[in-house]
1. So for the chain, taking the charge dipole from beta-carbon charges (+1 Lys/Arg, -1 Asp/Glu), which of 442, 418, 146 sits furthest toward the positive end?
2. Given +1 on the Cβ of Lys and Arg, -1 on the Cβ of Asp and Glu, and no further charges, what dipole in debye does the stretch 356-476 carry about its Cα centre, rounded to the nearest 20?
3. If we count every other residue with Cβ under 14 angstrom of residue 291's Cβ, Lys/Arg +1 and Asp/Glu -1, where does the sum land?
4. Rank 137, 243, 428 by how far each Cα sits towards the positive end of the charge dipole of the chain (+1 on Lys, Arg Cβ; -1 on Asp, Glu Cβ) and give me just the farthest.
5. Compute the relative contact order of the stretch 224-489 as a whole-number percentage, counting only Cα pairs closer than 8 Å that sit 6 or more residues apart in sequence.
6. Using the crude model of +1 on Lys and Arg Cβ and -1 on Asp and Glu Cβ, and no other charge, please compute the dipole size for the chain relative to its Cα centre, in debye to 20.
7. Report, as a whole number in µm² per second, the diffusion coefficient that Stokes-Einstein gives for the stretch 224-489 at 10 °C and 1.306 mPa s using the Kirkwood radius over alpha carbon pairs.
8. In this model, which of 127/222; 164/222; 88/213; 76/164 are farther than 29 Å apart at the alpha-carbon?
Amino acid sequence: MTALEIENLDFDFLTLEDYDMLSDAVKQAYPEYQNTWWEKPKIRKLVKIFPEGQVAIKVNGEIVACSLTIIVNYDKFSDNHNVKKITKNYTFDSHDEEGDMLYGIDIFVVPEFRNLRLGRRLYDYRKELCEKHNLKGIVVGGRISGYQDYVDEYTPKEYIEQVKRKEIDDDILNFHLANDFYISRILRGYVESENASKEYAVLLKWDNIYYEKPSEQVESKKNVIRLGLIQWQMRPYKDLGELMQQAEYFVDAVADYRSDFALFPELFNAPLMAQYNNLDEHEAIRQLADYTEEITQRFTELAIAYNINIITGSMPELRDNTLYNVGYLCRRDGTTERYEKLHVTPDEARIWGLQGGKQLKTFDTDCGKIGILICYDSEFPELSRLLADEGMDILFVPFLTDTQNGFSRVRHCAQARAIENECYVAIAGSVGNLPNVHNMNIQYAQSMVFTPCDFAFPSNGIKAETTPNTEMILIVDAEIDALRELHEFGAVRNLKDRRKDIFHLRKASKSA
């Protein structure tokens, strides 16, 4: 039958009145198994206990495809099970409305209609059903029906590898792999007296990326995270109070737009060094470090008062007579955590005596896991990859660059990090000039938010950007579910497709 001959195509719940029509469709789909398919009492039971799990597709009023499912508490069954066990001796008493996994009992399409992607429609429905009931995923036992022709040539494992390499065609296995399932294990004796597959099957799984583990605690999980980036103007300030007054103005501005994060640039407090111009540069920045503790305390107070998480950019900090470039994550619940610049530039080491830190880690927030890398650190891809392995969704990069070529290094490396690690990357810098501060004469910046380059995101990978060299704020929404979709179904999957069989990346033991 061609598409032109189809007058009507219905997708509907299966009813017991459909059984005779269903039986005829089974004879066409499974001519070799029609005597072992589900009897009418079994279909009656399925329709009764889980009506929305039993669906059929009708063409011109006749059933041509069908899907049967139950919900099970999968912890009660091992991965090494068979149909008889998972259905409790074919009674379907294993169905549990409070279960955590959708189990595929059967799915078929009549041969004449297998070129219309009806099987995909059925699996799309199964996935929607799984998400609707907040189940962990879908499990099916897929018969490797073509194995009988190769049983003397290949082991089941070798056969599957040949199918995956497209050297052997196995309709059932290929169908599941094409629908985003993955092979969990090989099953022996999955179906009794199943000659075609020599009783072998593969356990196939599909993970629901939207599954949320039930919790009795009150949780507020956000999908859309609003970012507030501050493109800071370097200008003279007479004292710390005046500088923090300007900082509060920006916190107030981005909080007024209900931002979840405020990101300040690297060394945004450098104007306070003007009063130490009589000192050498390395001595002046040590004087600037005296302000860091108080600035952090004030940002913590602002985070609580304005209900926003503040990333303080960076400031010099003196510990054990060693000077570091550090920043603080000031959460809106009043807690703070410290991060460090791990790679200092040659000028920072030579002129200021800055030393690289040793701590690399992700940070838990009420908006998920984030990472923070200061300026030059964004140019070392290993760092962000380690953070991505820990579950980072958003990477924040406060930076300070004097020239356009310096900015371009940060900008292009930051965009590469978004693509490589399938995450958002937000960069914020300072603009203007400080003629009264040595080694801080000019600044060039354009603050931006980068995304992966895939269908759910801008084609050029730029979510939003500021006007270059102009003091302003940038408000951007980051959709976390779009990242989840990308991880599983992206046109390319940079995280999943890494060749871990030929390279491995890990933290040194000294890194937190």
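Nothing in this text is a laboratory measurement; each read-out follows from the coordinates by a stated rule. Bear in mind that the values here come from a model prediction, so they are computed numbers and not experimental data. Backbone-built Cβ (ideal geometry, glycine too); neighbour counts: all protein chains shown.
1. 146
2. On the way: 8 positive and 14 negative charges, 49 e Å.
Result for the stretch 356-476 is approximately 240 debye, rounded to the nearest 20.
3. Summing Lys/Arg as +1 and Asp/Glu as -1 gives -3.
4. 137
5. Working: 614 pairs, mean separation 57.3, N = 266.
Once divided by the residue count of the stretch 224-489, the mean separation gives 22 percent.
6. Numbers: 60 positive and 83 negative charges, 160 e Å.
Here the size comes out at about 760 debye.
7. Working: Rh = 18.2 Å.
For the chosen part, D equals 87 µm²/s.
8. Working: 127/222 22 Å; 164/222 38 Å; 88/213 26 Å; 76/164 31 Å.
The answer is 164/222; 76/164.
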